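The values are calculated or read from the model by the stated rules, or taken from the named source; none is laboratory data. The structure presented is a predicted model; accordingly, all values stated were derived computationally and were not measured. When we count neighbours, we look across all protein chains shown, and the Cβ atoms used for this are built from the backbone with ideal geometry, even at glycine. These area figures cover heavy atoms from the full protein model, side chains too; ligands, DNA and RNA do not enter into them. Shrake-Rupley method; radii C 1.70, N 1.55, O 1.52, S 1.80 Å.
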Amino acid sequence: MSSTPSQSRVRTIALIVACALFMEQLDATVLATALPSMARSFGVRPLHMSIALTAYLLSLAVFIPASGTIADRFGTKRVFNAAIIFFTLGSILCSQTTSLPLLVAARLIQGMGGAMMVPVGRIILLRSAPKSELVSAMAWFLVPALVGPVVGPPLGGFITTYLSWRWIFFINIPIGILGCILSTLLIPDIRSDQRTRFDLPGFVLSGLALACLTFGFTVASRGTEWTTAVPLLVIGTLAGTAYVIYARRRTNAILDLRLMRVQTFRISTIAGSLSRITWGSVPFLLPMMMQLGFGMTAAASGAITFMAAAGAMLMKFTAGPLLKRFGFRRVLIWNQLLATLGIAACAAFTPGWPRAAIFTVLLAAGFFQSLQFTAYNTIAYADLKPDRMSAATSFYTVFQQLMLSMGICVAAGTLALSAHIFGHHEPDLLDFRVAFIVVSIASLFAGPLCAKLPPSAGEEMSGHHSRPAPAKA
């Protein structure tokens, strides 16, 4: 059966918007594979390179809250195009850095573009697709984006091993140009009818809290710089508390806490945050383990680690049928266990494992994790009105990026602590095993939270209909 015009239009928009997410995910995965080589180039310890990942995620978290307001005021097409250009220019700056502090500065600039690029793209998709087509639209949106993590590790490994890590940042240039052209031609320019004043005090307080907490946890994960980490964490906590008190009295707060009153949004945010701590650690831990623990080259490491992303991409063709058959609640509860086991199983890897066995574990882990996040990302918007989509997207994406950063910090901190306890100068295979187990524990707490969802949650989106309760005699 051929697609209706509405379905074709939604899919076209989803694929174009996915160019932005593809570029962002490709950038992250090629960088993760190159971190050990970059550490040698800058003359720093490999664990210190975690800040190159968290700096970008920090920039996203700080500037994403402004993305919805800016898109509503200036139009989604204009902001989306400008964000792609800014991200691409930031990539060029990263390629020219000569030290870790300069790389961190360039990644912060790059993150400013990413903060507008992906959230605004998601707003475009959410406002273009009816709820009955949202699961399908999200799947189409994420398929090209997941090609980035599939291609990224082997491509980044090849470039790092045989050329130079600096070349990995030039990959974004042709993708950015293509994204701008397609967006200009085919993306609708959506503006909100409601105009709200930009919440500058809220932006400053939330930005200060997110910046200090993220950098504080990153520095603390090194285990040796507490005189810097503790003040940052204290300031971040105080700023966060001040923002909560401030936002409760505002109707136009930049991060609207009232959204947490909606059950599906609240559970998706909190449970999804726990799951993202686990998954956020994988792009940092897995390439490091293959190169430092197994002694592989970047190219050999990339030829293995891409399988997790391949499993995630494979899942996208089954998300709709699975959610229709079992519903959001059951998928989120039981799939969470499978997803957690998949990541924990990485702790058992050794250099002697058959390559096919490692591929199988990573493929399954990627599959179940991707199904979990597809369900989270969709159910979050099930009970929200259209005029709340921009605020919800900003709020949700901030927590998403913050928890991915937290996953990297937890992984790096566990590696440093384990290496210290066992007397290792640099993390070895045992330390990576400990780290995989520790980060997997966080997502185990997500399942009980998902169990609080009603069986009928998200029925309009999934097409699943729970059985009616039996009539009383």
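Taking θ as phi - 60° and the Karplus parameters 6.51, -1.76 and 1.60, the scalar couplings of the range 89-100 work out to 5, x, 5, 5, 4, 4, 5, 9, 6, 10, 8, 5 Hz in sequence order, x denoting glycine and proline. With the charge dipole of the chain set up from +1 on Lys and Arg Cβ and -1 on Asp and Glu Cβ about the Cα centre, the Cα lying farthest toward the positive end among the listed residues A391, F317, L292 is that of A391.
Normalised by the number of residues in the range 328-473, the average gap of Cα pairs under 8 Å and 6 or more apart makes the relative contact order 41 percent. Overall shape of the chain was characterised from the C-alpha gyration tensor. The equivalent ellipsoid obtained from it has semi-axes of 32, 26, 24 Å, in decreasing order.
Across the range 354-371, rounded Karplus estimates of 3J(HN,Hα) from the backbone phi angles (6.51 cos²θ - 1.76 cosθ + 1.60, θ = phi - 60°) give x, 4, 5, 5, 5, 4, 5, 4, 5, 4, 5, 4, x, 4, 5, 5, 5, 4 Hz, Gly and Pro being marked x. Please give the FRET efficiency for L341 paired with M260, using the beta carbon to beta carbon distance and R0 = 41 Å, rounded to the nearest 0.05. In this case the efficiency is close to 0.85.
Label positions at R40 and L178, each projected 7 Å from the Cα along the C-beta direction, are separated by 3.2 nm. Once the C-beta distance of K324 and R250 is scaled by a Förster radius of 41 Å, the resulting FRET efficiency is 0.55 to the nearest 0.05.
Probing with 1.4 Å while keeping every protein chain in the model, the per residue accessible area of the range 277-420 equals 33 Å². Note that the range 177-187 has calculated 3J(HN,Hα) couplings of 4, 4, x, 5, 5, 5, 5, 4, 7, 10, 7 Hz, one per residue in order, obtained from phi through the Karplus relation 6.51 cos²θ - 1.76 cosθ + 1.60 (θ = phi - 60°); glycine and proline are x.
Put simply, the amide H of A451, placed in the peptide plane, has no neighbours under 5 Å, leaving out anything fewer than 5 places away on its chain.
So, with a 1.4 angstrom probe, what is the percent of accessible area on the range 294-339 that is carbon and sulfur? Whole-percent figure for carbon plus sulfur exposure: 73.
Across the chain, C-alpha contacts under 8 Å between residues 6 or more apart give a mean separation that, scaled by the residue count, equals a relative contact order of 24 percent. Think of each Lys and Arg Cβ as +1 and each Asp and Glu Cβ as -1; about the Cα centre, that makes the dipole of the chain roughly 1180 debye. Solvent exposure of the range 41-133, expressed per residue, is 30 Å² of accessible area, with all protein chains present and a 1.4 angstrom probe.
Taking 0.36 nm per residue of sequence separation and removing the Cα-Cα distance, the A105/L186 pair yields an extension gain of 25.8 nm.
Each of F170 and I441 was given a label point 7 Å from its Cα along the Cα-to-Cβ line. The distance between the two points is 4.6 nm.
Spatially, the range 49-95 and the range 247-297 are offset by 18 Å when compared through their Cα centroids. Relative contact order, whole percent, for the range 185-306 stands at 20, derived from Cα pairs under 8 Å and 6 or more residues apart.
Between the beta carbons of I235 and L429, assuming R0 = 22 Å, the FRET efficiency works out to 0.05 to the nearest 0.05.
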